[in-house]
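The values are calculated or read from the model by the stated rules, or taken from the named source; none is laboratory data. Given the structure is predicted, the values throughout are model-derived calculations rather than measurements. As a convention, Cβ positions derive from the backbone with ideal geometry for all residues, glycine included, and neighbour counts pool all protein chains shown. Each accessible area value is taken on the protein alone, full model and side chains, heavy atoms only, with ligands, DNA and RNA left out. Shrake-Rupley method; radii C 1.70, N 1.55, O 1.52, S 1.80 Å.
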Amino acid sequence: MKTNPGRFFEDFRLGETIRHATPRTVTTGDVALYTALYGPRFAVQSSDAFARAIGYPQSPLDDLLTFHVVFGKTVPDISLNALANLGYAEGGFRRPVYPGETLSTVSEVIGLKESSNRQTGVVYVRSVGSDAKGETVLSYCRWVLVRKRDPEAKIEQEHVPSLAKVVNPADLAGALPRLDASAYDLDLAGSPHRFGDYQVGERIDHVDGMTVEEAEHQIATRLFQNTAKVHFDAFATKETRFGRRLIYGGHVISLARCLSFNGLANAFSIAGINAGRHVGPLFAGDTVYAWSEVLETADAGRDDVGLLRLRTVATKNQPCGRFPDKQGEGYDPAVILDLDYWAFMPK
Amino acid sequence: MKTNPGRFFEDFRLGETIRHATPRTVTTGDVALYTALYGPRFAVQSSDAFARAIGYPQSPLDDLLTFHVVFGKTVPDISLNALANLGYAEGGFRRPVYPGETLSTVSEVIGLKESSNRQTGVVYVRSVGSDAKGETVLSYCRWVLVRKRDPEAKIEQEHVPSLAKVVNPADLAGALPRLDASAYDLDLAGSPHRFGDYQVGERIDHVDGMTVEEAEHQIATRLFQNTAKVHFDAFATKETRFGRRLIYGGHVISLARCLSFNGLANAFSIAGINAGRHVGPLFAGDTVYAWSEVLETADAGRDDVGLLRLRTVATKNQPCGRFPDKQGEGYDPAVILDLDYWAFMPK
Amino acid sequence: MKTNPGRFFEDFRLGETIRHATPRTVTTGDVALYTALYGPRFAVQSSDAFARAIGYPQSPLDDLLTFHVVFGKTVPDISLNALANLGYAEGGFRRPVYPGETLSTVSEVIGLKESSNRQTGVVYVRSVGSDAKGETVLSYCRWVLVRKRDPEAKIEQEHVPSLAKVVNPADLAGALPRLDASAYDLDLAGSPHRFGDYQVGERIDHVDGMTVEEAEHQIATRLFQNTAKVHFDAFATKETRFGRRLIYGGHVISLARCLSFNGLANAFSIAGINAGRHVGPLFAGDTVYAWSEVLETADAGRDDVGLLRLRTVATKNQPCGRFPDKQGEGYDPAVILDLDYWAFMPK
């Protein structure tokens, strides 16, 4: 068989390593599309002059563009037959990525757990994105619910990995070059608020909303070479429980992150991803809003930047002035994303 | 408060200077998107080889791409609470901009005029787009109708600036490098008509039409980092008088300019903007047409290029064979844009 | 008249040469858009590092991006008044094209044949895309059905050219640099199947489907500077027999080619186009599927790569598990494209 049917749950082996296709050179063309699709305004990523003034050689890629490119490669091998993307943990960006670099991804199967009904199972992978020299630029874990081809298939080895609830900020502190925080121009950056201005427990409604069109999420998801058919095939998805195309969860993450500029304009770089959950589906025509909470601050042992641990919650078709959140066992029905991450901010 | 609520009318001070976020390095990625969104075909901007043959170091950016990037930065500070973008004047492009350059914008408040009902006021700004060295690449005035936060707020200083009806072409003539007009290949450029072939009073129906989709104007408007929520939020705009997203006026300007290639193929560079008015709103699904009139010609003191003063009128859902125009006190209901500008054309 | 009305059938002269506007410098911005619009995953075009490892100086453009740019230039002169794009033949890519190169197109009228009803006629052209030095990068023939302005107009010279059914693979073998097939990494490329693994007669269902949105095909078609109004003007096309915008046939070719990655991942470069027919129209909202058949294999006199002659059939709103194909005199009603081409694959 010449086509890739995707792996089913019983095809994964604990500890195996999967080298994913397709390596991808990222360019200023990708950066322009990322800007056009999400509207990021973080000055470091937007302006080479701004980036150079504080110590970068040029503007780095938006961290989530790196994430999506690294993630996209895993789809044909890991999640083509997935029913749900259950979560993320232990995400760490190791260094900035620049236009012209080539990214590729390798995943290790770190956990397998069959569901009690034997129809499906949870696959845990640690995916590592590397540059052309093989050096890591990003590492993260995710777990997905994958169909079994044959419910009767016996699973030899099961293991549920123990993953950190929060990435240790000390492990993330080296991800940025040493910066000249005094050259960081707050007017140009769009906010007067530095690291010290944020308090644990503070909540910020990011105010703005962004409606998503079918063309937009398809253009984005193809840019990342993510091949999950549920995002692209309106004919086949008529027969699914949603009856229509489902938007790539990463699209929501990028929208929420870009909306968060309004309130977090100086949180210019994501250092790590502690946890992420796609609480509900997003469809074309829906409008995304977001709010954030400061969960923790960390000095990071640097005098130029600190680390804010942020929780960003995205909703659909509901502005976030009342901070829609967890409710009882679940969530307010408008919530679609709950993301916990570390971001650098100048001191 | 960490988020930007935007300024209300009483927050502006006559003579104050506002340094806008976010500086932006423009790239060939932006050029590709501009091409994909509007379909420009001016040879100078499309081909490095063509541009070099006549004396440019490489293809410059389309002038309107520069305009939109410079304009976009002003939105969070000037027009987030604007009800209408009333007009443009005294626009001048100082030199070509090339991929790799970083643009930023500073605005000066040059006029304030409270409305008689005290609910709103008109803010006049002169916005200056600069390169990384701080040298001006574009300057223009615009005035917008902005809400007051508090109708009772007293306005200390009012002033209505006196703006030129037409930019003096002598002030624009230096915006291009000296060109070798004999190397300007009319076949490759797409039209045999040079500067001397256009007569004052001549009217041209640009024939073609372009239908606009929600995804297209959103992608464009985000590319320019323009944050006006009326362009992006279908949920919130359900409650507005239009009941839907309104397309960024600059999107119409670029569509009309690109349609005008068919008839003005050699008017390859915009030198200045004399006046511009968004006569009516444009919505997704509408089809834009345009026609132009030659208002004036100017020698510009150069032997390589002359300046045509053009008036380009755009309509929606009405082809322009009959040149829909002003009617009585207003306009033909199909008209959405009335733009008066200077463009260079080879002699 | 300053605008281009397009040529009618009686305006063409046998043997005449037409230099088309607008030359176009292709960039990594165009590459990013091509990726975002179609989702190609061929490793050679996606990764500079992969391309260099096997002997390219960097990633070349996707061959179809070159094709569309070269093709787009011919539209204002050849097919603005065309009723149908009837076929392609004798297509040959001469060498890889790289970002930064400038492409322009010249066409020769190689055939003219008036229709029996005298309302229309078929125009045959050979179009040659060249680089800035004037060296050919792509050559192909196409023939289109063009309206007559005046049915009574007398056609002086008619000629139906004799075109090869299949391009001789020996004429295509020099289109690629010498490659190091041993450095071609099958994991990174996404498939273990090399040239020798494909058999004549083998059929492959490419499985995946891609739904097309209005914004997507418009963005693509403008990127290629293709000006055919039938793709862009929803207002005017309400009066046509389809009552709506028709999607550029090349959009279908690129979609089918990108879908074919799943099954033909190592057929990374198109060498020649033997024949192509747009069997049916595609509209926004339709979902495209594809299947391929191996028609022939050719050694190409090289020890690094061989040539597969492939036939790729695209359908709309019908998956290709049953290989929808010709039926009687015509085709299964779901079929929209029948393309016969040569592709390189590593040995």
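Data overview
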quantity: Candidate set: the stretch C:226-246, residues that are under 28 Å from A:Thr227 (Cβ atoms) and open to solvent by 10 Å² or more (accessible area, probe 1.4 Å); chosen: the one nearest to the other protein chains (Cβ to nearest Cβ); calculated: C:Arg245
quantity: Subset tally (residues that are at the interface with another protein chain (Cβ under 7 Å from one of its Cβ atoms) and open to solvent by 10 Å² or more (accessible area, probe 1.4 Å)) for the stretch B:1-23; calculated: 5
quantity: Top-ranked residue in the stretch C:37-47 [being assigned to a loop (DSSP other than H, G, I, E, B) and open to solvent by 10 Å² or more (accessible area, probe 1.4 Å); ranked as farthest from the other protein chains (Cβ to nearest Cβ)]; calculated: C:Pro40
quantity: The stretch C:175-207: number of residues that are away from chain A (no Cβ under 14 Å) and without any contact (Cβ under 8 Å) to a residue 60 or more places away in the chain; calculated: 1
quantity: The stretch B:274-283, residues that are small (Gly, Ala, Ser) and part of a loop (DSSP other than H, G, I, E, B); calculated: B:Gly280
quantity: Residue match in the stretch A:257-273 (condition: within 27 Å of C:Ala220 (Cα to Cα), more than 11 Å from chain B (Cβ to nearest Cβ) and either surrounded by fewer than 20 Cβ atoms within 10 Å (Cβ to Cβ) or of a type in the set (A, V, I, L, M, F, W, C) (or both)); calculated: no
quantity: Among residues of the stretch C:48-79, those that are out of contact with any strand residue (DSSP E or B) (no Cβ under 9 Å at 6 or more places or on another chain), away from chain A (no Cβ under 14 Å) and either more than 20 Å from A:Ser104 (Cα to Cα) or part of a strand (DSSP E or B) (or both), counted; calculated: 2
quantity: Residue in the stretch A:33-47 that is under 14 Å from A:Gly129 (Cα atoms) and of a type outside the set (Phe, Trp, Tyr) present; calculated: no
quantity: The stretch A:209-225, subset more than 8 Å from chain C (Cβ to nearest Cβ) and outside any helix (DSSP H, G or I), residue nearest to A:Thr102 (Cα to Cα); calculated: A:Phe224
quantity: All positions within the stretch C:284-318 that are touching a strand residue (DSSP E or B) at 6+ places or on another chain (Cβ under 8 Å), within 14 Å of chain A (Cβ to nearest Cβ) and not polar (S, T, N, Q); calculated: C:Gly285, C:Asp286, C:Val288, C:Tyr289, C:Ala290, C:Trp291, C:Glu293, C:Val294, C:Leu308, C:Leu310, C:Ala314, C:Lys316
quantity: Any chance C:Gly250 is facing another protein chain (nearest Cβ under 7 Å), part of a helix (DSSP H, G or I) and in contact with a His (Cβ under 7 Å, 6 or more places away or on another chain); calculated: no
quantity: Flag for A:Thr312 being under 23 Å from A:Asn168 (Cβ atoms), within 15 Å of the chain's Cα centre (by Cα) and at pLDDT 95 or above; calculated: yes
quantity: Unmet requirement for A:Tyr34, which otherwise passes all of (1) open to solvent by 10 Å² or more (accessible area, probe 1.4 Å); (2) within 14 Å of chain B (Cβ to nearest Cβ); (3) of a type outside the set (Gly, Ala, Ser); (4) in contact with a Pro (Cβ under 9 Å, 6 or more places away or on another chain); calculated: (1)
quantity: Residue in the stretch C:131-161 that is most open to solvent (accessible area, probe 1.4 Å), counting only those that are of a type in the set (D, E, K, R) and closer than 16 Å to C:Thr105 by Cα; calculated: C:Lys133
quantity: Sole residue being among the small types (Gly, Ala, Ser), crowded, with 18+ Cβ neighbours inside 10 Å and under 30 Å from B:Ile54 (Cα atoms), chosen from B:Ala215, B:Ala189; calculated: B:Ala189
quantity: Members of the stretch A:17-35 found to be under 26 Å from A:Tyr184 (Cβ atoms), out of contact with any Asp or Glu (no Cβ under 7 Å at 6 or more places or on another chain) and among the hydrophobic types (A, V, I, L, M, F, W, C), listed by number; calculated: A:Val31
quantity: Hey, B:Leu86 closer than 21 Å to B:Asp338 by Cα, open to solvent by 10 Å² or more (accessible area, probe 1.4 Å) and touching a strand residue (DSSP E or B) at 6+ places or on another chain (Cβ under 9 Å) or not; calculated: yes
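Table: residues versus (1) touching a Pro at 6+ places or on another chain (Cβ under 7 Å); (2) open to solvent by 10 Å² or more (accessible area, probe 1.4 Å); (3) assigned to a loop (DSSP other than H, G, I, E, B); (4) of a type in the set (S, T, N, Q).
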position	(1), (2), (3), (4)
A:Gly285	no, yes, yes, no
A:Tyr289	yes, no, no, no
A:Gly301	no, yes, yes, no
A:Gly306	no, no, no, no
A:Ala314	no, no, no, no
A:Pro319	no, yes, yes, no
A:Asp338	no, yes, no, no
A:Tyr341	no, no, no, no
A:Phe344	no, no, no, no
